[in-house]
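The values are calculated or read from the model by the stated rules, or taken from the named source; none is laboratory data. Please read all numbers here as calculations on a predicted model, not as lab measurements. So basically every Cβ, Gly included, is an ideal-geometry build from the backbone, and we count neighbours across all protein chains shown. Surface accessibility is based on the protein's heavy atoms, side chains included, excluding ligands, DNA and RNA. Shrake-Rupley method; radii C 1.70, N 1.55, O 1.52, S 1.80 Å.
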Amino acid sequence: MFGFGQLIDILKKSPKKIVFTEGNDPRILEAASRLLASNFLSPILVGNEAEIQKAAEESGFNIRGAKIIDPLHFEKFDEMVTMFCDLRKSKGVTPEQAKGILSQANYFGTMLVKMGYADALLGGATYSTADTVRPALQLIKTKPGNSIVSSCFILVRPSATGENEVLAMADCAINIHPTEDELVEIAGEAAECAKIFGVDPKVAFLSYSTLGSGKGEDVDKMRNAANKTREKYPELPIEGELQFDAAVSPRVARTKCPESKVAGHANTFIFPDINAGNIGYKIAQRLGNFDAYGPILLGLNAPINDLSRGCNASEVYSMAIITAALA
Ligand SMILES: CC(C)(COP(=O)(O)OP(=O)(O)OC[C@H]1O[C@@H](n2cnc3c(N)ncnc32)[C@H](O)[C@@H]1OP(=O)(O)O)[C@@H](O)C(=O)NCCC(=O)NCCS
């Protein structure tokens, strides 16, 4: 079962460098000071050095030893501009435009990963999800074999037996209206992500209908996606379409779909769209007492993740470890 100790062990064997795009945010500084006190993950703070040092002093966090990189004084800036123009040549970006774009920490930080100065990136303490994710989509791109970047949340709740209860939910943050084929990719990626967190994935494609009890295009989409996913990943336990109660309650599953091996025991949930997914994970978090980690971006060529703007320092610290351990 999932514990942060396992992820820290991974990093201790292979320490990594992680970029924080909002280098002078007090929550980032607190998380960075905690990371600096350990020896498994080195923070790189993007921003003006004097401003970052002043913010750290004012908020009382020791960031001695942190690497601080200011886009305006980065010695490889010209090289970065050239590389950026090359990566965006299909869009006709000029060096002048590139300089302006790369003076923004979200693009600059993403290029640090692209150029190999860092292994991972965590942003979004002040940037919106779209502004954190867009540079990654444009510059880091999807990994070979994938057609989209998607995301999942890992939800963790201590159970009565003392073992953490761990669930995966996707896609709650990136793809607004995924197609059937995109849902297949989302499910495959989410199941792989669930495994990293100690979950033996049992995948439910969620709907307002259970195996034909309701009718409509959205029902067909989830049923077809479940069938296609089963064809693509024959070893993966999959059911769909399922209502949420049939997916998680053995009692309801016995009534609504007694033949299903997944219904009643699902732990990896695929939502029909971002509305349902985003609302769904937040209900688990706010009313179900689950801790929510994510969105963890799936299908990207390098580990880059987004924070909620409402995050606290402890969440920044946890997400930094998750992000870097995936590197
Ligand atoms: C992810 C998101 C920001 C992309 O939107 P966008 O930047 O307007 O998208 P665009 O269509 O302009 O695409 C920008 C680039 O990203 C690529 N892209 C967009 N979505 C992608 C995806 N899901 N996977 C891979 N690449 C993607 C495009 O191909 C394009 O690449 P290019 O510039 O090299 O041609 C958008 O889907 C979004 O806002 N999602 C919801 C985010 C959110 O608010 N979540 C809730 C809070 S957690």
The local net charge around N164, scoring Lys/Arg +1 and Asp/Glu -1 for residues other than N164 whose Cβ lies under 10 Å from its Cβ, equals -2
Rounded to whole Å and ordered largest first, report the semi-axes of the equivalent ellipsoid of the range 1-115 derived from its Cα gyration tensor (root of 5λ).
29, 19, 10
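Looking at the P(r) of the range 190-315, how many percent of alpha-carbon pairs lie beyond 24 Å? Spell out each step's value before the answer.
Working: 2417 of 7875 pairs.
Here the tail beyond 24 Å accounts for 31 percent of pairs.
For the chain, which whole percent of the accessible surface, found with a 1.4 angstrom probe, sits on carbon and sulfur atoms? Spell out each step's value before the answer.
Working: 7430 of 14930 Å².
Here it works out to 50 percent.
Which value does Rg/Rh take for the range 118-267 over its C-alpha atoms, Rh per Kirkwood? Intermediate values should be presented prior to the final figure.
Working: Rg = 16.6 Å, Rh = 16.6 Å.
A ratio of 1.00.
Starting from the range 1-108, pick out the trypsin sites (Lys or Arg not before Pro) whose DSSP state is loop and whose Cβ has at most 11 other Cβ atoms within 10 Å.
Working: sites: K12, K13, K16, K17, R27, R34, K54, R64, K67, K76, R88, K89, K91, K99; in loops: R64, K76, R88.
Those satisfying the criteria are R64.
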Could you give the accessible area per residue of the range 1-107, probe 1.4 Å, as a whole number in Å²?
54
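Jot down the per residue volume, in cubic angstrom and as a whole number, of the convex hull over the alpha-carbon atoms of the range 85-199.
Working: hull volume 17.1 nm³, N = 115.
About 149 Å³ per residue, rounded to a whole number.
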What's the percent breakdown of Cα-Cα distances in the range 2-55 across 10 Å bins, shortest bin first?
24, 48, 23, 5
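In the range 60-166, which GluC sites (Glu not before Pro) fall in coil by DSSP and have 13 or fewer other Cβ atoms within 10 Å?
In loop regions of the range 60-166 (DSSP not H, G, I, E or B), the sparsely surrounded GluC sites (Glu not before Pro) are E75, E163.
Treating the beta-carbon of each Lys and Arg as +1 and of each Asp and Glu as -1, no other charges, what is the dipole magnitude of the range 25-145 about its Cα centre, to the nearest 20 debye? Let's see the in-between values first.
Details: 14 positive and 14 negative charges, 114 e Å.
It comes to approximately 540 debye.
For the chain, what percent of Cα pairs sit more than 32 Å apart? List each step's numbers first, then the result.
Working: 17344 of 53301 pairs.
It works out to 33 percent of all Cα pairs.
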Calculated Rg and Dmax of the range 212-285 using C-alpha coordinates, Å
12.3, 32
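Rounding to the nearest 20 debye, state how big the charge dipole of the chain is about its Cα centre with +1 on each Lys and Arg Cβ and -1 on each Asp and Glu Cβ. Write down the numbers at each step before the final one.
Working: 34 positive and 39 negative charges, 74 e Å.
With only Lys, Arg, Asp and Glu charged at Cβ, the dipole is about 360 debye.
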7 Å from Cα along Cα→Cβ at both E235 and H265: what's the point-to-point distance in nm?
1.8
Once Lys and Arg are counted +1 and Asp and Glu -1 for all other residues with Cβ under 12 Å from that of E185, the total becomes -3
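Restricting attention to the range 188-222, which chymotrypsin sites (Phe, Trp or Tyr not before Pro) occupy a DSSP loop and are surrounded by at most 16 other Cβ atoms within 10 Å?
Working: sites: F197, F205, Y208; in loops: F197, Y208.
Here the sparse-neighbourhood loop sites are Y208.
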Local electrostatic count at I196 - Lys and Arg +1, Asp and Glu -1, tallied over other residues with Cβ under 14 Å:
-3
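Could you calculate the FRET efficiency of F4 with L287 from 1/(1 + (r/R0)^6), where r is the beta carbon distance between them and R0 is 30 Å, rounded to 0.05?
Values: r = 24 Å, r/R0 = 0.81.
It comes to 0.80.
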